[in-house]
Amino acid sequence: MATYIEVVIECRKWQSERVSDELLALGSAGTSIQDIQDVLDLPREFGEWVTDDLLKRYPKYPLVHGYFADEALTDVKKRLEQQFLKAGMPLEAADYTIHPLEETDWSENWKQYYRPVRLSHWLAIVPAWEKQANDDPNTIYLNPGMAFGTGSHPTTRLTVNLMEIALKPGDTMIDVGTGSGILALVGAKLGAKEVYAYDYDESVIDTVHENIQLNPGITNITVGQKDKLNGVTQQVDMITANILADILLPLIPEAANCLVDDGALLLSGIFRDQFEPIMAALKANDFYVLEYRRAGDWYAIYARKGRQYRPKDSL
């Protein structure tokens with residue numbers, strides 16, 4: 001049985017999503033966030049979740065948990081401090097704890113903090129273990145396992161909102177860095193004819209297949225292991241990518257080759273200090289921007305290929 005190193009960071013000074021992204025960039029096998037606000041913000045249609053027992057599970061400040069396999073405590077500590085210092089988020093001793101953890105201690109326990117998420121006015125993400133006997137066509141059932149993508153991150157909601165605008169029934173679509181497969185599943189729900197879900201991490205492929213099986217009627221998603229769009233030759237109507245900005249930048253020219261003329265490119269996972277470089281890269285690669293949306297410090301961008309198609313009210 002594998003032994004993991006667990007890192008727990010208390011978010012008194014930074015947003016929990018930003019801390020989660022830095023842990024993932026460092027190589028964490030996954031992250032979980034304990035933030036009572038996520039529960040307090042749930043719409044009423046999910047029922048009454050806030051109980052005294054539930055409130056006791058949450059600390060005063062959000063906590064972000066990261067998990068690293070087959071590494072020494074001292075190695076993780078050194079890399080952790082270097083990563084956060086480079087990101088302009090220097091860690092103090094009071095900000096985090098680090099200790100060994102058996103795999104079975106966290107691979108199931110994180111589920112107690114995963115609650116239904118409303119992605120849009122009609123589409124919701126519900127944990128697989130709360131699946132009802134009668135399937136709701138407006139619900140996506142999900143078990144993210146160790147893959148990124150529970151629907152709770154604001155960049156996911158921003159992307160889904162833009163997909164509702166940009167995706168037309170019958171479109172073909174590629175989701176890059178699919179993680180749990182959440183955007184691929186949303187694409188299928190929105191009427192995409194064919195969806196290709198790619199991720200660099202081969203370990204999440206089984207998770208995506210399992211999540212497809214959790215949602216009866218979805219049979220048009222092809223899953224594969226790829227580094228961004230390397231080796232992809234087909235052209236599609238839409239490409240989505242909700243990943244870190246340092247991966248989005250080299251992805252943009254690849255996406256230009258894999259989109260039909262005037263095809264849609266939806267990019268998310270963009271922190272505020274990376275927004276202008278991403279916008280500049282899009283323009284340099286013959287994309288025009290129809291819309292961008294912001295949630296806190298995070299941005300999502302809706303662009304299309306071919307500036308000759310650019311309407312007057314676009315960028």
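Any read-out appearing in this document is the output of simple, stated calculations on the displayed coordinates, not a laboratory observation. Just so you know, these numbers come straight off a predicted model, no measurement behind them. Cβ coordinates were reconstructed from backbone atoms using ideal geometry, including for glycine residues, and neighbour counts include every protein chain displayed.
Structure values in brief
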read-out	value
Label-reachable residues, segment 174-197, where backbone N falls under 13 Å from a point 7 Å from GLU164's Cα toward its Cβ	190
Shape of segment 230-315, Cα gyration tensor, a/c cut at 1.5	oblate
Greater than 22 Å apart at Cα, pairs in LYS13/LYS77; LYS189/LYS312; LYS77/LYS226	LYS189/LYS312; LYS77/LYS226
For LEU142, distant residues with modelled amide H under 5 Å away	VAL126, ALA128
